[in-house]
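Some notes on the structure that comes next.
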Amino acid sequence: MADEGVVVGLVCSPHSRGNTAILVSEVLRGAESVGRRTRLVCLGDVEMGPLIPSDSGPYGVTSPQDELEEVFELFDQMTGFVLGSPIYFDNVSSRTKILVDRMIRYSEGEKRSRFPRGIPAVLAITYEWDNPSAYDKVMDWMCHVFEHYFKMNIISKITAEGTSKRPVDQRDDLLKLAFEAGRTL
């Protein structure tokens, strides 16, 4: 295969086998069906902390040395990106927010130039409320962050509402949507 890159899928949930993980996994399965290499990382299994104060880092902060640094190493070879977050209390999970904040490392200097720009991305959210448009503003924020700051090309936005009554693994329409999104990465 000429393309040696990897499609990175991040599950920003504490549940490595929950609705969000199933959705991200299905996107990656779609990518694999067209010959793409994939890597799934469940951030609930990754020791990671928030930014810490620093006199030398950009914006007066720096990253702690923890397992999230290993996840960032995948970004150097990333050719596609999938991010899934559950919604808790009307916003993305704390792991999603820590990830985004920690990506500040790609805002300046040598690391900025190494971050792959223009890669295709799929964003997914899962939540219990039955309202399919309840968290459109959260999805808009996610799109803004990854398009504006990291220059990704959002090719698909997947919303899985009502997951307590209708889990993702029981929704063929949602699984098909995720699979097809992965095929386009």
Open item on the list: Which count do you get for residues in region 152-167 that are surrounded by 14 or more Cβ atoms within 10 Å (Cβ to Cβ) and either under 17 Å from the mean Cα position of the chain (by Cα) or among the small types (Gly, Ala, Ser) (or both)?
Closed with: 9
Task: Residues (surrounded by fewer than 19 Cβ atoms within 10 Å (Cβ to Cβ), hydroxyl-bearing (Ser, Thr, Tyr) and touching a residue at least 40 places away in the same chain (Cβ under 8 Å)) located in region 1-41 - done: 33
- [ ] Mind counting the residues in region 42-51 that are among the small types (Gly, Ala, Ser) and surrounded by fewer than 16 Cβ atoms within 10 Å (Cβ to Cβ)?
- [x] 1
TODO: Name the residue, out of 73, 69, that is acidic (Asp, Glu) and either loosely packed, with under 13 Cβ neighbours inside 10 Å or assigned to a loop (DSSP other than H, G, I, E, B) (or both).
DONE: 73
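Got a number for residues in region 118-136 being part of a strand (DSSP E or B) and either out of contact with any strand residue (DSSP E or B) (no Cβ under 8 Å at 6 or more places or on another chain) or β-branched (Val, Ile, Thr) (or both)?
3
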Open item on the list: Checking the structure you have, find out if any residue of region 137-148 is of a type in the set (A, V, I, L, M), part of a strand (DSSP E or B), more than 21 Å from residue 62 (Cα to Cα) and under 15 Å from the mean Cα position of the chain (by Cα).
Closed with: no
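Of everything in region 88-128 that's of a type in the set (Phe, Trp, Tyr) and open to solvent by 80 Å² or more (accessible area, probe 1.4 Å), which residue is farthest from residue 28 (Cα to Cα)?
Going through region 88-128, the residues of a type in the set (Phe, Trp, Tyr) turn out to be 88-89, 106, 115, 127.
Within this subset, residues satisfying the condition of being open to solvent by 80 Å² or more (accessible area, probe 1.4 Å) are 88-89.
Values: 88: 24, 89: 27 Å.
Result: 89.
The values are calculated or read from the model by the stated rules, or taken from the named source; none is laboratory data. Remember, predicted model here, so these are calculated numbers, not experimental data. Methodologically, a virtual Cβ is constructed for each residue, glycine included, from the backbone with ideal geometry; neighbour enumeration extends over all protein chains shown. Side chains included, ligands, DNA and RNA excluded: accessible areas come from the protein's heavy atoms. Shrake-Rupley method; radii C 1.70, N 1.55, O 1.52, S 1.80 Å.
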